[in-house]
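The values are calculated or read from the model by the stated rules, or taken from the named source; none is laboratory data. Since this is a predicted model, take the numbers as computed values, not measurements. Glycine also receives a Cβ, built like all others from the backbone with ideal geometry; neighbour counts cover every protein chain displayed. Remember, those area values only see protein heavy atoms, side chains included, never the ligands or the DNA or RNA. Shrake-Rupley method; radii C 1.70, N 1.55, O 1.52, S 1.80 Å.
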Amino acid sequence: MKLRCAILDDYQQVALTAADWSTITDQVEVKSINQHIDQQDELVELIADCEIVVIMRERTPFRASLLQRLPHLKLLVTTGMRNASIDLDAAAAQGITVCGTGGAGNATAELTWALVLGLARNIVQEHNAIRNGQWQSTIGTDLYGKTLGVLGLGKLGTKIAKFGQAFGMDVVAWSQNLTQERADEVGVRFANSKEELLESSDFVSIHLVLSDRTRGLIGAADLKRMRPSAYLINTSRAPIVDQEALAEALQNRWIAGAAVDVFEVEPLPKDDAYRSLPNLLTTPHIGYVSEANYQAFYRDVVEDIREYLAGSPVRTLT
């Protein structure tokens, strides 16, 4: 009898065509679920008989309370090599192997820069204005000569810094672990503190891993430090910014605007205030949603399953 495998949250219904699953279909029966299931009872009913479950990033959390209701689950595969919504200790206690995948690596940086440009040139407003019969309703903000503050100078932060330099921006960076030597290596200015970066930047882009140290890193006092003409961009993780404080900052025009691709509750509830703030540019967590990334994700998913079946799991998460 074949093992049963469920792919969750396949919103675009591309999981089965993004990679070649034929190498495992003689041993595994695969089904794709394209609707998000936020009720645990309903989810358990759909996947209770599955030995393998594939999840896309943090779309569906796998906490201990859910794992305990899945006695047949033996392999959990997440796209990416980090997923804060999986209780790895609970999985290990149940003997569940958890594996991850690689990725293409450029999609989030490219979306981040699209959001920067969208904010600076009011692209959504002008598009909507044309659709409504108007013409030239806003004045754009120039990037050349402005200061780009980058919070976090890892792989993504470094790419954003180089994008900013290509647009003639003065780039300054800070994080709790950043050193002068690393800033010099990338060719950006080193901010001595978070406060210095926020006060001096026209655009602030967040590229930090969510952790106990970064949760709530940007609060009301920090947003008030920013210039009234400044913009905040977050394509990292929502809880790094105090969500209520950001809404208040936008409503009261402490800052000119913001762009976010990440939210504390996803999909974003239909009545959420973030859906209606006029100076907030939003995208539905699509930073990693690109052809190259999906192909890389699902190619590795198939390999993870194949190697697990062979008794040699790869890319295990601990």
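Sorting 32-38, 288-294 by average packing, meaning the other beta carbons within 10 Å per residue, from highest down gives 288-294, 32-38. Computed from the C-beta positions of V209 and E45, the FRET efficiency with R₀ = 45 Å rounds to 0.85. Taking every protein chain into account, the accessible area of segment 1-154 amounts to 50 square angstrom per residue (probe 1.4 Å).
Near L153, once Lys and Arg are set to +1 and Asp and Glu to -1 for all other residues with Cβ below 12 Å from its Cβ, the sum equals +2. Working from label points 7 Å from Cα in the Cα-to-Cβ sense, the E244 to L277 distance is 1.4 nm.
Using the Cβ-Cβ distance between T318 and Y144 with R0 set to 41 Å, the FRET efficiency works out to roughly 0.35.
Taking Lys and Arg as +1 and Asp and Glu as -1, the other residues whose beta-carbon sits under 15 Å from that of A90 total +1.
Of the beta bridges in the chain, as assigned by DSSP with both residues counted there, near 0 percent are antiparallel.
Taking a sphere under 14 Å around the Cβ of R213 and counting the other residues whose Cβ falls inside, with K and R at +1 and D and E at -1, yields a net charge of +2.
Close Lys pairs in the chain, defined as Cα atoms under 27 Å apart and 8 or more places apart or on different chains, number 12.
Using the Cβ-Cβ distance between K162 and N252 with R0 set to 30 Å, the FRET efficiency from 1/(1 + (r/R0)^6) comes to roughly 0.35. Amide H to amide H distances under 5 Å link L317 with V98, C99, G100, where only residues 5 or more positions off or on other chains count and H is placed in the peptide plane.
For the chain, the carbon plus sulfur part of the accessible surface works out to 48%, probe radius 1.4 Å.
The stretch between Q35 and R121 holds 27.5 nm of extra length on full extension. This uses 0.36 nm per residue minus the Cα-Cα distance.
Extending 7 Å from Cα along the Cβ direction at K270 and again at A84 yields two label points whose distance is 2.9 nm.
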